[in-house]
Structure formats: structure tokens, C-alpha cells
2 protein chains.
Amino acid sequence: MAEQLFLSADGRLRDTWRTAFPAARAQRPAEPLVGDVLVWVLVAPGEKAARQIAALRQRGVAQPLIVLADEPGEDDALAALTAGASGYCNSHAAPEVLSQVATVVGNGGLWVGQGLMQRLLAGAARLLPPNPSDGWADTLTEREREVAHAIARGASNKEVARELAITERTVKAHVGAILEKLGARDRLQLSLIVNGVESSR
Amino acid sequence: MAEQLFLSADGRLRDTWRTAFPAARAQRPAEPLVGDVLVWVLVAPGEKAARQIAALRQRGVAQPLIVLADEPGEDDALAALTAGASGYCNSHAAPEVLSQVATVVGNGGLWVGQGLMQRLLAGAARLLPPNPSDGWADTLTEREREVAHAIARGASNKEVARELAITERTVKAHVGAILEKLGARDRLQLSLIVNGVESSR
DNA sequence: CAGCCTGTTGTACTTCGGTACAGTAGGCGC
DNA sequence: GCGCCTACTGTACCGAAGTACAACAGGCTG
């Protein structure tokens with residue numbers, strides 16, 4: 001498993017964290033982050049988790065980020081996740097919970113608490129019907145549709161490759177075929193078509 | 001790790017499944033489920049995953065259930081998850097993916113896939129007050145807003161330059177500032193924000 | 001006035017996206 | 001069997017996009 005790195009204002013570990021991960025390290029948020037680590041970000045009361053996540057991402061931090069909130073809130077969690085966090089949990093959570101979160105996130109998952117997940121499902125279930133029978137997908141093969149969707153979400157070629165377990169070269173081949181079939185100039189115009197923006201469709 | 005048990009109509013394993021889990025077992029859905037196992041439920045084309053999940057739960061099955069869809073769909077996934085599934089993925093997914101799903105679910109997580117998660121977050125974000133994407137223009141200057149709109153329409157730097165009667169270099173400067181302010185990685189993600197794909201719309 | 005923001009432009013550089021040549025392999029229909 | 005489609009991969013190239021150093025002018029504010 002990857003190493004655990006905790007970011008807290010005083011650069012120190014709490015007892016529960018060390019219990020969960022005896023080998024954990026800690027440092028101040030401003031210091032550079034290196035290595036293949038899971039990054040836990042302590043968010044103090046009154047601070048916005050999403051802000052700190054966004055700030056770290058802007059600094060080029062690519063590692064998975066997990067929010068440890070002193071005062072957890074579902075809205076705060078939601079904002080943090082949309083800002084690119086991979087998990088959100090109570091900073092005083094039990095060591096066993098932290099360990100589970102680490103496992104899930106370390107394997108590419110997102111950790112969202114039970115309550116929030118239910119809320120997400122409830123929220124999304126409400127807008128279930130919107131299933132437009134798009135005409136753009138008609139001429140595409142199955143694989144091309146998968147790629148088109150990923151691109152339209154904003155994924156890079158490298159990300160699509162990882163997602164579909166193929167090489168970046170193959171992704172490029174699919175993208176080229178898609179652009180040709182849809183008459184799009186580049187991936188951005190492709191996304192406009194797939195997302196149904198403006199005149200297309 | 002817990003054992004893997006696959007439920008398919010013919011009670012047989014597919015190659016990719018065995019590759020991912022050499023020790024996996026398979027059986028027909030009707031047979032009783034016993035032991036501490038992860039249960040993978042194959043859903044054939046045209047069938048509803050949520051139905052099969054609900055049926056299993058009614059039979060008293062308490063183990064984690066993961067849907068393997070021959071024809072995956074986000075709506076189907078959503079319904080399956082609300083019905084109590086712990087995961088949902090393509091039945092033809094690569095062994096590495098299956099293995100990841102198993103790890104995540106085996107540790108108490110939910111596996112939902114990138115696309116669906118984004119939709120969930122988008123759906124929930126819409127229901128709840130602080131919608132950051134509505135105010136994307138707030139921090140931008142007048143000129144930056146003009147550039148942002150053009151980019152979001154799919155214009156290239158060269159086209160924007162011609163349109164605004166400035167050099168391509170200046171467009172790049174504006175784009176760079178916009179990306180930083182909005183926390184976007186590239187012009188495609190910028191367009192998603194401006195066009196409200198992942199939030200309002 | 002000094003300092004800050006906005007808008008503008010320059011050179012040089014790296015990374016990413018897209019294309020142009022390929023090639024292999026499996027499935028399907030005639 | 002032969003062609004065709006689909007999926008996948010390779011090397012190489014070019015241009016677009018984005019970043020890292022800048023610089024300069026004008027307007028506004030303490």
C-alpha cells in the first residue's frame with residue numbers, strides 16, 4: 001500500500017492517525033508533496049475543504065487527496081469532492097475507518113460516507129429520465145462511444161487509456177475516427193456535440 | 001480477501017473473470033449463496049440490474065452485490081445502486097479493473113465508475129445551495145470573460161485572436177489566467193464549466 | 001508618487017493532441 | 001478463401017496548447 005502523508009497546520013500527527021498508519025508522515029500544507037502517497041488534508045473548523053483541495057490541485061498536486069474535517073458537513077463534503085477530493089471523513093474517525101478509507105482510495109475509489117452517498121443517489125434518481133436518444137452516436141462503434149463519452153467529460157487521452165485499459169495510441173486512433181465521423185475539428189467541438197451544447201443535434 | 005462468487009445464467013466463469021480471480025467460483029442465480037463472499041451478478045442485455053438485485057435481497061442475500069452488465073447504462077447503474085448494489089461495472093471490463101472493484105467493495109466501499117459519479121455529484125450539487133459554477137465569471141475580468149466565452153464555443157486561440165483583434169500570444173495569456181482562476185486543467189474543462197455541463201444545464 | 005491591476009506582447013520551451021505512414025488479429029459475410 | 005470491419009498497437013512528425021521567464025502602458029488608489 002502507498003504511504004500516508006498528513007497535512008496539518010502544525011505539521012504533526014494525531015494519535016488516531018498514527019494508530020491507523022504506524023508509518024505515516026506529516027508535514028505542513030505549504031511544503032512540497034513528493035512520492036506515491038495518499039495525502040490526507042486536515043481542514044480546521046470554519047475552513048472550506050474545497051478551497052484547500054483546489055489550492056493543492058493548482059499547485060500541481062496529483063496524488064489522491066482525502067479530506068479530514070474537524071467539523072464535517074455534507075455540503076462541505078460535496079464541494080470538496082467536486083473540487084477533486086477522493087474522500088472525505090471526520091478527522092476524529094476511528095483508526096479502522098481511516099484504514100478502510102485508505103484502502104478504497106488507494107485502489108482508485110472514492111470514499112463518500114453513507115449519508116452523503118444516499119443523498120447523492122436520491123438527488124440523481126430524481127433526474128433519472130433525462131436519457132436523450134442522441135443521434136450523434138449512431139455512426140459510432142461501441143468502443144468509439146465509450147471514448148467519446150470520456151472525452152466529452154474532459155478526460156485526457158492518457159486518462160481514457162487508463163480507464164479502458166488500452167494504450168494512449170489506441171485512444172488517439174479512436175479519437176481520430178470519432179472526429180472524422182462527427183465532422184468535429186478537435187476534442188472540444190466533440191464535447192460540444194456530445195454534451196448537446198449550441199446548434200448541434 | 002474474501003472469495004469471489006459469480007452468478008451467471010449458465011453457471012460458468014468467463015475468462016477475464018478467472019484471470020482476475022483464479023480462485024473464483026460460479027453458480028446459477030437460483031442456487032443458495034453461502035459464506036463470506038463477494039457476489040458478482042451478471043446481467044444480460046435487456047435485463048434490468050435493479051430487478052435482479054432486489055430479487056436477491058428479498059431472498060435474504062446479505063453479501064455485497066456487484067453488477068456485471070453486458071450492456072452497461074448509467075440509468076441502469078443508478079437504479080441498481082439504489083436497489084442495494086455495491087458496485088456496477090462492465091461485464092467485459094479488464095481483469096485489473098475487476099480486481100480493483102473487488103478491493104474497493106471488499107473494504108466496504110461502493111464502486112460507481114467515473115461517469116456515474118460525476119453525474120451523482122452534479123445532480124446533488126444542483127439540489128444544494130452553493131453552486132460554484134454559476135459564479136464562474138465572478139473572478140474574471142471583462143476581457144477574460146470574452147475569451148472564456150469564445151473558448152467555450154470551441155474557438156481556437158487563433159480564432160479568438162482574430163475575433164478580438166489581438167495577438168495569439170495575448171489570448172494565451174488570458175487563457176492561462178482563466179484556467180488558473182477557475183481551477184481548470186485545459187480549455188475543454190473550461191468549456192464544461194462555462195457551458196454548465198457538470199452542474200446546471 | 002508608488003503600488004497594484006488590467007491589458008497587451010515578446011521569446012523560448014514543454015507537453016498534448018492529432019495525423020500519416022504503417023502493422024497484427026479476430027469476427028463476419030459472400 | 002477473400003474481403004471488410006473492428007479493435008488494437010507502433011514510430012514519427014507537426015502544430016496547437018500551455019507555461020516560464022519576461023516587458024511596457026494606462027488607470028486607479030492609498
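The values are calculated or read from the model by the stated rules, or taken from the named source; none is laboratory data. Keep in mind that this is a model prediction, so the values were computed, not measured. Glycine also receives a Cβ, built like all others from the backbone with ideal geometry; neighbour counts cover every protein chain displayed. All accessible areas refer to the heavy atoms of the entire protein, side chains included, with ligands and DNA or RNA removed. Shrake-Rupley method; radii C 1.70, N 1.55, O 1.52, S 1.80 Å.
Among the residues making up region B:14-32, those that are assigned to a loop (DSSP other than H, G, I, E, B) and in contact (Cβ under 8 Å) with a residue 60 or more places away in the chain are B:R14, B:F21. As a summary of the residue check, B:P130 satisfies the conditions (1) modelled with pLDDT under 90; (2) more than 16 Å from DNA strand C (Cβ to nearest atom); (3) crowded, with 20+ Cβ neighbours inside 10 Å except for the one numbered (3). The condition of being outside any helix (DSSP H, G or I) and within 13 Å of chain B (Cβ to nearest Cβ) holds for only one of A:G11, A:G35, A:G84, that being A:G84. Residue count for region A:154-195, restricted to those that are more than 10 Å from DNA strand D (Cβ to nearest atom), in contact (Cβ under 8 Å) with a residue 24 or more places away in the chain and open to solvent by 30 Å² or more (accessible area, probe 1.4 Å): 2.
Conditions (1) within 24 Å of A:R59 (Cα to Cα); (2) in a loop (DSSP other than H, G, I, E, B); (3) out of contact with any Gly (no Cβ under 6 Å at 6 or more places or on another chain), marked per residue:
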{"position": "B:R143", "(1), (2), (3)": "no, no, yes"}
{"position": "B:A148", "(1), (2), (3)": "yes, no, yes"}
{"position": "B:A173", "(1), (2), (3)": "yes, no, yes"}
{"position": "B:I178", "(1), (2), (3)": "yes, no, yes"}
{"position": "B:A184", "(1), (2), (3)": "yes, yes, yes"}
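If the condition is being open to solvent by 80 Å² or more (accessible area, probe 1.4 Å) and in contact with a strand residue (DSSP E or B) (Cβ under 8 Å, 6 or more places away or on another chain), then region B:4-22 contributes B:A9, B:R12. Annotation: of all residues in region A:171-185 being within 14 Å of another protein chain (Cβ to nearest Cβ) and more than 9 Å from DNA strand C (Cβ to nearest atom), the one that is nearest to A:R145 (Cα to Cα) is A:L182.
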